[in-house]
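This report concerns only the one structure given below.
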Amino acid sequence: MPAGAQPVFDAAHVGQPGSGNHAELFMPAAAAPVPALVVLHGCDGVGPHYRGWAKALQGWGYAALVVDSFRPRGQVNVCNHGRDVPPQDRAQDALRAAAYLRSLPAIRADRIGVIGFSHGGWSALHAALEDALPASRSRAFDAAIAFYPGCDQPTARLVTDTLILIGDADDWTPWRRCQRWRDTVQSGVHTARIKVYPGARHGFDSTMDLHRYAGHLVGRDSAAAQDAEILTRTFLAERLSAR
């Protein structure tokens with residue numbers, strides 16, 4: 001675990017959807033065992049958007065564990081001060097959540113991914129790097145997807161195949177930083193793919209129209225959202241369902 005990282009995921013606080021617990025597990029109707037994903041919310045905390053994605057994953061045959069990284073740390077929203085909850089800490093939350101999922105008989109222990117959005121996407125990228133693993137004593141994720149993530153300078157090689165989905169008009173998390181991140185981390189064994197959507201803003205998969213939030217333009221781009229859903233489903237099928 002990186003110095004100072006403080007994961008807070010606790011299996012004792014996992015509940016059903018709508019339970020109000022610090023983690024909510026959405027199980028599909030498919031016969032067990034099933035592949036699973038850890039879902040990491042954005043800087044605004046757990047809300048309908050992320051539960052909506054969990055329900056979509058559930059409908060595709062995946063279990064989805066939505067992990068609240070903020071309330072256990074006494075936070076609600078970090079959109080104006082994202083490093084108050086560092087992505088390294090949330091990466092450890094994700095890895096511990098994955099270890100919990102692997103302990104469940106209904107989950108395929110060898111088919112667990114992570115998907116994150118904005119601050120959660122930033123955290124998912126950290127969870128896909130080698131330096132997230134040693135102290136957690138966890139195996140790597142089998143797939144990682146990051147929607148419009150922050151992309152800082154990586155310090156380790158990639159240990160998980162990764163998909164980044166981002167708009168070229170994003171004024172909050174610039175796509176060129178993610179391009180540099182991709183070019184730096186690829187190990188030859190694992191690859192990072194980036195899809196850049198022309199004209200799309202931050203939060204392009206949102207149901208909300210374009211508006212200003214925390215000093216940035218955010219909102220839905222239907223064409224980008226629809227394509228990103230297709231790419232997400234295909235990427236997961238290739239890495240979690242088809243092997």
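A few comments on the model shown:
- Answer residue from the range 172-208, given it is among the hydroxyl-bearing types (Ser, Thr, Tyr), in a loop (DSSP other than H, G, I, E, B) and under 29 Å from residue 157 (Cβ atoms) and is nearest to the chain's Cα centre (by Cα) among those: 173
- One residue alone among 52, 82 is modelled with pLDDT of 95 or more and either of a type outside the set (Phe, Trp, Tyr) or farther than 22 Å from residue 236 by Cβ (or both), and that residue is 52.
- Condition check for residue 126 on (1) farther than 19 Å from residue 206 by Cβ; (2) part of a loop (DSSP other than H, G, I, E, B): one failure, at (2).
The values are calculated or read from the model by the stated rules, or taken from the named source; none is laboratory data. Small disclaimer: the values here were computed from a predicted structure and weren't measured. Don't worry about glycine lacking a Cβ; one is built from the backbone with ideal geometry, like all the others, and counts go over all protein chains shown.
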